[in-house]
Amino acid sequence: MFAINLGGEGEIPGVLNQQRPFCLTPAWLSLRGETIAQMTARGIPVLICPNDALALPDESVDVVYTNSVPINTNHSFYGLGVQRSEIMRILKSGGTWIDTDSNGLVVIWVKP
């Protein structure tokens with residue numbers, strides 16, 4: 001099973017964590033206060049790519065996690081949020097999208 005946490009910082013064990021290229025700047029720190037180099041040194045697997053062009057093939061992912069990350073938004077500081085169209089593109093048929101919003105609500109969607 002191949003799973004990815006979009007905007008992830010290692011909070012889900014064994015899952016690839018995607019971050020935008022902004023994570024390579026000195027200003028970026030994870031919620032734990034770590035740089036991307038410190039995260040990877042701890043063994044956290046990271047994929048660095050834009051939110052609107054995930055560096056994954058079509059229908060290649062079994063599970064997508066989004067944990068309190070902006071979806072389909074454009075923030076003046078953070079830039080483009082995770083794009084629903086990209087989630088739909090990378091999910092396999094029968095793949096699951098698990099979204100946890102800022103209120104702790106978990107929404108599960110399965111791609112037909």
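The values are calculated or read from the model by the stated rules, or taken from the named source; none is laboratory data. As the structure is a computational prediction, the values presented were derived from the model and not from experiment. Quick reminder, even Gly has a Cβ in these numbers, built from the backbone with ideal geometry, and neighbours come from all protein chains shown.
The table for this structure:
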read-out: Number of the exception - Asp58 against (1) surrounded by 12 or more Cβ atoms within 10 Å (Cβ to Cβ); (2) part of a loop (DSSP other than H, G, I, E, B); (3) in contact with a helix residue (DSSP H, G or I) (Cβ under 6 Å, 6 or more places away or on another chain); value: (1)
read-out: Positions within the range 24-55 being at pLDDT 95 or above, loosely packed, with under 11 Cβ neighbours inside 10 Å and under 15 Å from the mean Cα position of the chain (by Cα), in sequence order; value: Ala55
read-out: Filtered residue count, the range 33-65, keeping only those that are without any contact (Cβ under 8 Å) to a residue 24 or more places away in the chain and of a type in the set (S, T, N, Q); value: 3
read-out: Every residue from the range 1-32 that is part of a loop (DSSP other than H, G, I, E, B), out of contact with any Leu (no Cβ under 7 Å at 6 or more places or on another chain) and touching a residue at least 24 places away in the same chain (Cβ under 8 Å); value: Met1, Phe2, Gly7, Gly8, Gly10, Glu11, Ile12, Val15, Arg20
read-out: Residue in the range 61-83 that is modelled with the highest pLDDT, counting only those that are in a loop (DSSP other than H, G, I, E, B) and touching a Pro at 6+ places or on another chain (Cβ under 8 Å); value: Gly81
read-out: Matching residues in the range 70-112 - criterion: being surrounded by 12 or more Cβ atoms within 10 Å (Cβ to Cβ), farther than 11 Å from Asn51 by Cα and of a type in the set (A, V, I, L, M, F, W, C); value: Met88, Ile90, Leu91, Trp97, Ile98, Trp109
read-out: Positions within the range 69-112 being touching a residue at least 40 places away in the same chain (Cβ under 8 Å) and small (Gly, Ala, Ser), in sequence order; value: Gly79
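Per-residue answers, yes or no, for (1) on the phi > 0 side of the Ramachandran plot; (2) assigned to a helix (DSSP H, G or I); (3) touching a Phe, Trp or Tyr at 6+ places or on another chain (Cβ under 6 Å):
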{"position": "Glu34", "(1), (2), (3)": "no, no, no"}
{"position": "Thr40", "(1), (2), (3)": "no, yes, no"}
{"position": "Ile87", "(1), (2), (3)": "no, yes, yes"}
{"position": "Asp99", "(1), (2), (3)": "no, no, no"}
{"position": "Val107", "(1), (2), (3)": "no, no, no"}
